[in-house]
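Visitor: Dropping the structure in here first, questions after.
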Amino acid sequence: MYKRLFFASLFLTGLFKSQTTTMTNLISDAVYYDGYAATVTTPVPTDLIRLGNTRYARKLTDTELDSFKAKIAMRVTIGALCDNYDRLGEVFLALVPKNQSTYTMNDANVKRIEAARYITPFMNKNRSPIEVPYTYDISNLYSVFHNTELRNAYDMYMELDVFGVPYAAQTQVAGCTGRIDVFSGNLTFFSTDIGANPTDYNTLTPILTYNKLNNYNSTDTTGETVRLVTFNLPAAVTNANFVVISTPHGANAGGEEYIRRQNYTYIDDVQVLTYTPGGISCEPFRVYNTQGNGIYGTVPKSFEDWTSWNNWCPGNAVPIRGFTLTNMTAGNHTLKHTIPTAVFNGQQGEVYLSVYMQGKSNATLNVKDVKTIDVSIYPNPTTDFVTIKSKEDVASMTLFSIDGKKLTEVHKENRINLSSYSTGVYFLNIVLKDGTTFKHKIIKK
């Protein structure tokens with residue numbers, strides 16, 4: 001699970017001194033401000049675009065794009081200013097239509113993929129260490145950086161984002177009274193050809209980019225947390241490599257941050273990825289948590305303690321997960337991501353989910369729009385009715401037994417009755433009026 005992060009760490013420590021390694025500084029000492037405040041007007045560092053208090057963008061030049069070699073490691077460094085809580089940050093590759101001189105975070109013409117995500121530690125700017133490094137293997141982006149057709153259509157920008165709030169630090173950290181600067185940020189790439197073969201993907205499909213996945217209509221019913229996305233492939237794709245980044249949030253008691261739950265990802269109703277966030281000890285990151293208001297406490301915790309509840313560690317990079325499908329046909333496909341036991345206690349919290357796909361195709365590389373559909377399927381488990389809620393109306397629902405026998409079917413209704421069936425597992429085939437089709441497992445109590 002942590003192969004990419006492990007590689008990047010070795011790469012930076014082992015190959016950084018090599019003359020065959022290229023280093024590219026993209027963002028240096030950018031200052032981030034209160035994420036809830038109006039956008040500041042302080043001067044912006046040279047070559048950067050301020051997209052808001054939480055995000056800076058930097059255009060990659062043709063010379064820089066040409067210089068990237070087959071192995072690419074990315075280092076993010078976040079420095080302590082006046083935020084002493086753990087926060088969420090990301091790195092995005094933004095594809096901006098060629099020669100569009102300005103853009104915003106909500107520009108519909110801009111296509112993004114999330115390259116990396118990280119959690120800031122609880123830092124006090126007056127105590128060492130005052131910065132934390134995160135490293136990632138992003139060698140899969142080599143083919144994007146070097147693709148001529150893509151570069152002819154888009155300018156490529158790297159965006160470094162970190163959300164921060166200064167209110168606690170204003171009273172808890174010496175020197176932060178009245179200040180709204182929360183973090184500093186740096187973004188650096190390293191690349192080498194040593195021991196590497198360039199990736200040859202020529203298809204790139206952004207599917208979800210930092211989308212919220214939560215329970216529909218803010219209810220607290222388990223089994224409702226489903227995110228559906230339909231995407232179109234203009235030609236068949238081989239070796240389709242999917243990249244998945246997700247983290248659960250909701251810091252109130254019993255929130256999703258503190259309960260480890262299994263996640264499931266499906267492509268066209270086939271389960272392709274199963275994982276539970278967390279599962280590691282946070283002790284290696286204790287050194288970066290210099291403000292004593294976090295989850296670390298005053299004494300070390302055992303591995304068993306950490307892995308019994310934590311989903312991620314303040315001060316650590318978020319794992320980049322993924323899966324590969326050998327062949328995908330041309331046409332429409334559906335991705336479904338579900339967390340069946342999620343509750344979002346007190347109607348709070350969300351899961352931030354990013355997914356993109358790369359692969360090989362006979363077609364020219366293109367970045368396609370995708371359609372995102374929120375679907376609620378509840379209650380699950382059920383004793384009688386299962387209800388479907390979605391912005392798209394339901395065309396039909398068909399109930400199947402676990403051995404594939406068709407049991408009942410309804411049309412143009414948003415609920416189906418299981419009261420006459422025995423306890424056990426069933427499958428519900430759902431067709432929405434826009435043509436989206438998917439299956440979902442239902443448990444009858």
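The values are calculated or read from the model by the stated rules, or taken from the named source; none is laboratory data. The shown structure was predicted, so the numbers you read here are calculated from the model rather than taken from an experiment. Using ideal geometry, Cβ is built from the backbone for each residue, glycine included, and neighbour counts are taken over all protein chains shown. Side chains are part of the model used for accessible areas, which takes the heavy atoms of the whole protein and leaves out ligands, DNA and RNA. Shrake-Rupley method; radii C 1.70, N 1.55, O 1.52, S 1.80 Å.
Visitor: Against the definition (modelled with pLDDT of 95 or more, more than 22 Å from Asn84 (Cα to Cα) and buried (at least 17 other Cβ atoms within 10 Å of the Cβ)), how does Arg4 come out, yes or no?
Guide: no
Visitor: Hey, another quick one. Among the residues of the range 346-391, which ones are more than 30 Å from Thr408 (Cβ to Cβ), at pLDDT 80 or above and surrounded by fewer than 16 Cβ atoms within 10 Å (Cβ to Cβ)?
Guide: Result: Asn362, single match.
Visitor: How many residues, within the range 229-262, are part of a strand (DSSP E or B) and open to solvent by less than 10 Å² (accessible area, probe 1.4 Å)?
Guide: Result for the range 229-262: 11.
Visitor: Please work out if Thr41 is open to solvent by 50 Å² or more (accessible area, probe 1.4 Å), part of a helix (DSSP H, G or I), at pLDDT 95 or above and farther than 27 Å from Pro319 by Cα.
Guide: Criteria not met by Thr41.
Visitor: Can you give me the number of residues within the range 309-346 that are hydrophobic (A, V, I, L, M, F, W, C) and in a strand (DSSP E or B)?
Guide: Here is the first cut: in the range 309-346, the ones hydrophobic (A, V, I, L, M, F, W, C) are 309, 312-313, 317-318, 320, 323, 325, 328, 330, 335, 339, 342-344.
Adding the requirement that they be in a strand (DSSP E or B) leaves 317, 323, 325, 328, 335.
Residues flagged as hydrophobic (A, V, I, L, M, F, W, C) and in a strand (DSSP E or B) within the range 309-346 amount to 5.
Visitor: Would you mention how many residues in the range 89-102 are part of a loop (DSSP other than H, G, I, E, B) and touching a residue at least 40 places away in the same chain (Cβ under 8 Å)?
Guide: Final tally of qualifying residues: 4.
Visitor: Quick one: is Asn109 open to solvent by 10 Å² or more (accessible area, probe 1.4 Å), within 24 Å of the chain's Cα centre (by Cα) and polar (S, T, N, Q)? Spell out the reasoning first.
Guide: Details: open to solvent by 10 Å² or more (accessible area, probe 1.4 Å): yes; within 24 Å of the chain's Cα centre (by Cα): yes; polar (S, T, N, Q): yes.
So Asn109 fits the description; yes.
Visitor: Also: State which residue pairs qualify: first residue without any contact (Cβ under 8 Å) to a residue 60 or more places away in the chain and inside the range 321-338, second residue open to solvent by less than 20 Å² (accessible area, probe 1.4 Å) and of a type in the set (Val, Ile, Thr) in any location, beta carbons under 6 Å apart, and separation of 6 or more residues or different chains.
Guide: Correct list of pairs: empty, since none qualify.
Visitor: Name every residue in the range 296-315 that is open to solvent by less than 20 Å² (accessible area, probe 1.4 Å) and polar (S, T, N, Q), in order of residue number.
Guide: Correct list: Asn310, Asn311.
Visitor: Tell me, which residue of the range 51-88 that is in a loop (DSSP other than H, G, I, E, B), of a type outside the set (A, V, I, L, M) and over 29 Å from Ile130 (Cβ atoms) is least open to solvent (accessible area, probe 1.4 Å)? Walk me through how you get there before you give the answer.
Guide: If we filter the range 51-88 for residues that are in a loop (DSSP other than H, G, I, E, B), which is where we start, we get 53-54, 60-61, 68-70, 81-87.
Pick out the ones that are also of a type outside the set (A, V, I, L, M) and you get 53-54, 61, 68-69, 82-87.
Subsequent filtering for residues that are over 29 Å from Ile130 (Cβ atoms) retains 61, 68-69.
On the way: Thr61: 63, Phe68: 5, Lys69: 52 Å².
Restricting to residues being in a loop (DSSP other than H, G, I, E, B), of a type outside the set (A, V, I, L, M) and over 29 Å from Ile130 (Cβ atoms), the top hit is Phe68.
Visitor: To continue, here is another question. Hey, can you tell me all the residues within the range 167-216 that are hydroxyl-bearing (Ser, Thr, Tyr) and closer than 28 Å to Tyr33 by Cα?
Guide: Once the filter is applied, which keeps residues that are hydroxyl-bearing (Ser, Thr, Tyr) and closer than 28 Å to Tyr33 by Cα, the range 167-216 yields Tyr167, Thr171, Thr177, Ser184, Thr188, Thr209, Tyr210.
Visitor: Residues in the range 418-427: is at least one within 25 Å of Lys212 (Cα to Cα) and open to solvent by 30 Å² or more (accessible area, probe 1.4 Å)?
Guide: Within the range 418-427, not a single residue is within 25 Å of Lys212 (Cα to Cα) and open to solvent by 30 Å² or more (accessible area, probe 1.4 Å).
Visitor: How many residues, within the range 392-412, are surrounded by 14 or more Cβ atoms within 10 Å (Cβ to Cβ), of a type in the set (D, E, K, R) and more than 32 Å from the chain's Cα centre (by Cα)?
Guide: So the count comes out to 0.
Visitor: For Ile130, indicate whether it is touching a Gly at 6+ places or on another chain (Cβ under 8 Å), of a type in the set (Val, Ile, Thr) and closer than 15 Å to Tyr210 by Cα.
Guide: Judged against the criteria, Ile130 is not a match.
Visitor: In this structure, does Thr326 turn out to be closer than 28 Å to Leu95 by Cα and either open to solvent by 50 Å² or more (accessible area, probe 1.4 Å) or within 23 Å of the chain's Cα centre (by Cα) (or both)? If you could, list the steps in order and put the result at the bottom.
Guide: Values: closer than 28 Å to Leu95 by Cα: yes; either open to solvent by 50 Å² or more (accessible area, probe 1.4 Å) or within 23 Å of the chain's Cα centre (by Cα) (or both): yes.
When the stated conditions are applied, Thr326 passes them.
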